Amino acid sequence: MIHLQNIIKQYGTAKNKIKAVDDVSLSVEKGEIFGVIGYSGAGKSTLIRLLNGLEMPTSGSVKVGGLEISSTKGKQLRMARQKVSMVFQHFNLLWSRTVKDNIAFPLEIAGVKKTEREKRVIELIELVGLKGRENAYPSELSGGQKQRVGIARALANDPEVLLCDEATSALDPETTDSILDLLTGINERLGLTIVLITHEMHVIRKICHRVAVMEDGKVVEMGDVLDVFQSPKAAITKRFLAQVTEPDAAKEAIQHIQENIASGKLVKLVFVGERTEQPVLASVIRKFDIDVNIVQGNISHTQAGPYGTLILQLVGENQMVEQAIDYLHEQHVQTEVINNA
Amino acid sequence: MRDEFLQNVDWDKMWQATRETLYMTAMSTVFTFVIGLALGILLFLSSPGQIWANRFINMIVGALVNIFRSIPFIILIILLIPFTKLLLGTIRGPEAALPALIIGAAPFYARMVLIALQEIDKGVIEAAKSMGAKTSTIIFKVLLPESMPALISGITVTAIALVGYTAMAGVIGAGGLGTLAFLDGFQRSREDVVWVATILILIIVFILQFIGDFLVSKLDKR
């Protein structure tokens, strides 16, 4: 659906050049939810704007649905944009229009007749769960409701691709989840391709099939979400992963144990897929004569399946502990020794 | 009492002058609104980073606006006498005041339009672009509606300034309440005429401000 080939986007004058996007190549399949994660300034905003021609690449090719966006202009580009719509971090609704009229705006642009417009708006309002609020103005809505209007507006012209520019970054955690559920539902029901950019690993974990990690304009890591979660390679990816696997409270607890406990080993186990449902821990305790102390554990769901981490303190004879760790490896549970006491 | 106090006031003349002032204010406000809006939009869209970003056009329009905004109105009227004569064939009467009023006020309003448009959230314009909107759609369906309260309060301020300008236009014999107060009142030492004309001008200004404030509160849904 989307093919980026050796994209470079440069800003500034000849003397003072900044490469916002530096030689990025990637593909997004039809029906996929593709996430791009990075800190601010990593180039992800520029990258997503290349997909609907709001930014044009300095070099390289951007293909969306077979159309070379990077060499399309004028009317053809405007038509293409109706099929590649965008949802924004700050919603960008027109305050002078009601919910209904905001959603109708892209239909007006596309030249849809009034009676048809009204029908379509009613459908969209129901789809995003805003029934009863059609005549409200944006100023009367909560953040989550505003984003629902933004999404309905983006869906108005039956797009093939939905671009989400930090769509949940201005929302509280609960509202974020409800918007993410809405996006997943839309993806499943309409078969829409979604490209989203974010700085929250939680968003990637919850809805993305594949992820690209960006740093300084480059994609430093890319792959299936579960694979990246299981074995992150780049340092920045590990930092992002810590957002979802190691809450601050757990970090403190681990540090406390490292400082105060004289014996045993601290190990971190990563379970993926059906591994999470098997009683590996119970069999370790049964098979080996060691004590197991659970320091921290969590499990979360990704689009591709469950993903869990468990931090254990193994106390016993050194040899026994080593054997237990070997056994865990044999069971295909990724095991990492954090600290030797 | 009443008759004695206002003995010098010729009510027919006063009414005639009020109508002239209203006529000059209304006509010049309408033209100022249209021309100022066009100039303001041109200034905005030609500024760097906007749809028609063009340093040359931006500089020329910006310079014209600044020059005409800076010339004191009383001098502008005199400078424009040949132009008015060419345009209307006369320099007397309320119509003759209109070119000077409009040329004096439109650049002033254009600046206000520019400020109003700069207040619009850039994201909203980007959103419209991302939906595939044409420039004309962006102007008429995004820029104007989104800045309407500021555009209305701007034209209210301008219209009130224009009431003051009409009084000055008396120097070229434009008529209206200002001329009446000056010629019939001040120069003939008839204080009551000056007072009545002043009160009528105040009433006009208050009504204009009231209409402006009312429209702004109706339109502003933020």
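Could you tally the net charge around A:Pro138, taking each other residue with its Cβ under 13 Å from the Cβ of A:Pro138, Lys/Arg +1 and Asp/Glu -1?
Charge balance in the 13 Å sphere: +2.
Using the per-residue mean of other Cβ atoms lying within 10 Å as a proxy for protection, in what order, highest first, do the peptides A:192-204, A:6-18, B:111-123 fall?
Order by mean packing, descending: A:192-204, B:111-123, A:6-18.
How big is the gap, in Å, between the Cα center of segment B:1-74 and the Cα center of segment A:77-154?
Cα centres, segment B:1-74 to segment A:77-154: 38 Å.
Taking each residue in B:129-141, count the Cβ atoms of any other chain within 10 Å of its Cβ, then average. What number comes out?
Across B:129-141, the average partner-chain Cβ count within 10 Å equals 6.
Given +1 on the Cβ of Lys and Arg, -1 on the Cβ of Asp and Glu, and no further charges, what dipole in debye does segment B:118-213 carry about its Cα centre, rounded to the nearest 20?
Values: 6 positive and 8 negative charges, 66 e Å.
That gives segment B:118-213 a dipole magnitude of about 320 debye.
Taking the dipole about the Cα centre of segment A:2-243, with the C-beta of Lys and Arg at +1 and of Asp and Glu at -1, give me whichever of A:Thr237, A:Leu77, A:Gly185 is farthest to the positive side.
It is A:Leu77, whose Cα lies furthest towards the positive end.
According to the square roots a ≥ b ≥ c of the eigenvalues of the Cα gyration tensor, what is the shape class of segment A:246-340, taking rounded for a/c under 1.5, prolate for a/b larger than b/c otherwise, and oblate for the remainder?
Cα axes put segment A:246-340 in the oblate bin.
In peptide A:69-80, what is the residue-averaged number of other protein chain Cβ atoms found within 10 Å of each Cβ? List each step's numbers first, then the result.
Numbers: counts 0, 0, 0, 0, 0, 1, 2, 0, 2, 6, 1, 1.
Shielding by partners across A:69-80 averages 1.
About the Cα centre, and with charges only on the beta carbon of Lys, Arg (+1) and Asp, Glu (-1), how big is the dipole of the protein assembly as shown? Nearest 20 debye, please.
Here the size comes out at about 2240 debye.
Would you please calculate the Kirkwood hydrodynamic radius of chain A over all C-alpha pairs and express it in Å, rounded to one decimal?
Kirkwood radius, chain A: 22.3 Å.
If you place +1 on the Cβ of every Lys and Arg and -1 on the Cβ of every Asp and Glu, how big does the dipole about the Cα centre of segment B:14-219 come out, in debye to the nearest 20?
460 debye
Within 11 Å, Cβ to Cβ, of A:His90, how many net charges do the neighbouring residues add up to if Lys/Arg are +1 and Asp/Glu are -1?
Neighbourhood net charge equals -2.
Using only the Cα atoms of segment A:207-268, what semi-axes does the equivalent ellipsoid have when each is the square root of 5 times a gyration tensor eigenvalue? Give whole Å, largest first.
29, 12, 11
Straight-line reach from B:Lys218: which lysines have a Cα under 25 Å away, not including same-chain ones fewer than 8 places off?
A:Lys100, A:Lys146, B:Lys122, B:Lys141
Would you mind giving the mean number of other chain beta-carbons within 10 Å of the Cβ of each residue in B:115-128, as a whole number?
4
Please state, as a whole number in µm²/s, the translational diffusion coefficient that the Stokes-Einstein equation yields for segment A:128-236 at 10 °C and 1.306 mPa s, with Rh defined as the Kirkwood radius across alpha carbon pairs.
D = 104 µm²/s.
A:Glu188 to B:Asp213: FRET efficiency via 1/(1 + (r/R0)^6), r the Cβ-Cβ distance, R0 45 Å, to the nearest 0.05?
0.30
Return a whole-number percent for the relative contact order of segment A:246-340, with Cα pairs under 8 Å and 6 or more residues apart as the contact set.
Contact order relative to length: 40 percent.
We did not get these values from a lab; they are worked out from the coordinates using the rules stated. On a predicted model such as this, the values are computed, not experimentally measured, just so you know. A quick note on method: Cβ atoms are made from the backbone with ideal geometry, for glycine too, and the neighbour counts reach across all protein chains shown.
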